[in-house]
Structures are given as structure tokens and as C-alpha cells.
Ligand code: FES
């Protein structure tokens, strides 16, 4: 059992028993994380800033890296729909 904590614009704490995307964890906890493309790494609206537990997220894939480059995202930012939590993670929604 581990948890995903959301801070910032929308807050919440979701306990998970198995790995899940940050987006699905948000949905489970009724935390509002915008996802206009439906989680297909196309819109970039689900960007989160990882405050703690980056090592507990799945590695970044090509599609995610491409969108984050277009957005000029910071190194600590990920797409909530592409980053899967495998352990405790704290992230911020701006
Ligand atoms: S929901 Fe569109 S990129 Fe994540």
C-alpha cells in the first residue's frame, strides 16, 4: 500500500494497492486534474510537478518527453496520464 498526495490548486491523498497513473489516482480521489485528450499524451493539460517520490514513477516515454519539450516544462514536471506511481509520490497541480 502506498499513497499519492496532491498539493496546490487541487489537494487530496489517495491510497493505492497497485501501480496506477497519476491521472487515475486523481480520479479515484476525486482530485480535479484536467485531461483534455483523455490520457493519450497529446494535450499536455495534465502536467504535474513532482515534489517528492520521482523515483517511484515509471520512466518517461517518447510521447511524454515530446509533449513536455513542446510545453517547455521543468525537469520536475511530468504528464499525469503517463507517469505511473509505484510507490509514495507527492505532486503539485498548478
Ligand atoms: S491528458 Fe492529455 S496529455 Fe495527459
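Please treat every number below as a calculation from the coordinates, not as lab data. Just so you know, these numbers come straight off a predicted model, no measurement behind them. Cβ sites come from the backbone with ideal geometry, for glycine too, and all protein chains shown count toward neighbours.
The three principal axes of the Cα atoms in the chain give end-to-end lengths of 34, 23, 20 Å, sorted in falling order.
Each label point was placed 7 Å from the Cα along the Cα-to-Cβ direction; for residue 11 and residue 49 their separation is 1.6 nm. Using a cutoff of 8 angstrom between alpha carbon atoms and counting only pairs six or more residues apart, the relative contact order for the chain works out to 41 percent. With both residues required to sit in the chain, DSSP beta bridges show an antiparallel share near 75%. Taking 0.36 nm per residue of separation and subtracting the Cα-Cα distance, full extension of the segment from residue 88 to residue 69 would add 4.3 nm.
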